[in-house]
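Here's the structure, in structure tokens; my notes come after.
The values are calculated or read from the model by the stated rules, or taken from the named source; none is laboratory data. These numbers were taken from a predicted model, which means no experiment stands behind them. Every residue, glycine as well, gets a Cβ built from its backbone with ideal geometry; the counts of neighbours run over all protein chains shown.
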Amino acid sequence: GQQVMQIPQYQHVQEGEDFTTYCNSSTTLSNIQWYKQRPGGHPVFLIQLVKSGEVKKQKRLTFQFGEAKKNSSLHITATQTTDVGTYFCADGGTSYGKLTFGQGTILTVHP
Amino acid sequence: NAGVTQTPKFQVLKTGQSMTLQCAQDMNHEYMSWYRQDPGMGLRLIHYSVGAGITDQGEVPNGYNVSRSTTEDFPLRLLSAAPSQTSVYFCASSYSWQGGPYGYTFGSGTRLTVV
């Protein structure tokens, strides 16, 4: 079945450094969604990308969807301790609502 | 709006017992899903639904049943609990946008331990 691979699995940064996580698929994605999960919490929807080459920004977060719609990235500029958590990408799948998650990247920010 | 409400928040079961995890949403969302989350395994889809009366299996459906008799409720039934079902269970819902779901809202989860 459809698999979404996410790298890296872990990332440790000093506060103020940048952070990027990547999501790759062997097949074309209809859309890609990004979620953040704080330690002990539940996933929270960040954004959905639909168009080839799409770039969206949310304050210090930049999301990109590849031209071939097979990869995506989330970049955080100047990390803060509040950015700690696991970032998941998810294949938005078909109209039947089947959302398939990548393994996630666990971000640790050292003050 | 309460969003997505899951009950109970914590549960301990003995092997072989059955139980139902409740999930309710008050946002009139068409799409609802159940996930389990285990350490190092990410979020794995158990069952999902595109509307009342319509459900389908995800990647790990064995040992679980669902039904969707109303738009609001999507209960998950564990038929005969096993230690391998020890996990955190999340219910999520989404509205329809351009023919598909747009961004799922997750409940706060149920932490289940099977002994």
Checklist entry - Would you say residue B:23 is away from chain A (no Cβ under 11 Å) and either crowded, with 17+ Cβ neighbours inside 10 Å or part of a strand (DSSP E or B) (or both)? => result yes
Next on the checklist: Among (1) facing chain A (nearest Cβ under 8 Å); (2) modelled with pLDDT of 95 or more, there is one condition residue B:110 misses while meeting the rest; what is its number?
Outcome noted: (1)
Checklist entry - Can you tell me which residues in the range A:84-111 are of a type in the set (D, E, K, R) and not in a strand (DSSP E or B)? => result A:98
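Okay, residues lined up against (1) under 23 Å from residue A:101 (Cα atoms); (2) β-branched (Val, Ile, Thr):
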{"position": "B:48", "(1), (2)": "yes, no"}
{"position": "B:52", "(1), (2)": "no, no"}
{"position": "B:60", "(1), (2)": "yes, yes"}
{"position": "B:77", "(1), (2)": "yes, no"}
{"position": "B:90", "(1), (2)": "yes, no"}
Item to check | Answer from A:56, A:69 - the residue that is within 19 Å of residue A:98 (Cα to Cα), surrounded by 12 or more Cβ atoms within 10 Å (Cβ to Cβ) and not small (Gly, Ala, Ser) | outcome: A:69
Item to check | Conditions (1) aliphatic (A, V, I, L, M); (2) over 22 Å from residue B:112 (Cα atoms); (3) surrounded by fewer than 16 Cβ atoms within 10 Å (Cβ to Cβ); (4) without any contact (Cβ under 8 Å) to a residue 60 or more places away in the chain; number of the one not met by residue B:52 | outcome: (3)
Next on the checklist: For the range A:57-83: of the residues being in a strand (DSSP E or B) and touching a residue at least 24 places away in the same chain (Cβ under 8 Å), which is farthest from residue A:26 (Cα to Cα)?
Outcome noted: A:76
Item to check | Meets criteria (modelled with pLDDT under 95, facing chain A (nearest Cβ under 8 Å) and over 11 Å from the mean Cα position of the chain (by Cα)) for residue B:103 | outcome: yes
Next on the checklist: Take the conditions of a type in the set (Gly, Ala, Ser) and either in contact with a Gly (Cβ under 6 Å, 6 or more places away or on another chain) or modelled with pLDDT under 95 (or both) and apply them to residue B:51. Does it pass?
Outcome noted: yes
Next on the checklist: Suppose we filter A:28, A:79, A:108 for residues that are farther than 25 Å from residue B:105 by Cβ, touching a Gly at 6+ places or on another chain (Cβ under 8 Å), away from chain B (no Cβ under 14 Å) and among the β-branched types (Val, Ile, Thr); which single one remains?
Outcome noted: A:79
Next on the checklist: What's the number of the only condition in (1) surrounded by fewer than 18 Cβ atoms within 10 Å (Cβ to Cβ); (2) within 25 Å of residue B:97 (Cα to Cα); (3) over 11 Å from the mean Cα position of the chain (by Cα) that residue A:43 fails to meet?
Outcome noted: (1)
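Listed here are the residues, each with its yes/no results for (1) touching a Pro at 6+ places or on another chain (Cβ under 9 Å); (2) basic (Lys, Arg); (3) within 20 Å of residue A:12 (Cα to Cα).
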| site | (1), (2), (3) |
| --- | --- |
| A:26 | no, no, no |
| A:31 | no, no, no |
| A:35 | yes, no, yes |
| A:50 | no, no, no |
| A:79 | no, no, yes |
| A:92 | yes, no, no |
Checklist entry - Looking at this structure, is residue A:74 crowded, with 19+ Cβ neighbours inside 10 Å, more than 10 Å from chain B (Cβ to nearest Cβ), within 28 Å of residue B:60 (Cβ to Cβ) and touching a strand residue (DSSP E or B) at 6+ places or on another chain (Cβ under 6 Å)? => result yes
Next on the checklist: Could you tell me how many of the residues in the range A:21-38 are modelled with pLDDT of 95 or more and surrounded by fewer than 15 Cβ atoms within 10 Å (Cβ to Cβ)?
Outcome noted: 1
Item to check | Total residues in the range B:77-99, condition of a type in the set (A, V, I, L, M, F, W, C) and part of a strand (DSSP E or B) | outcome: 6
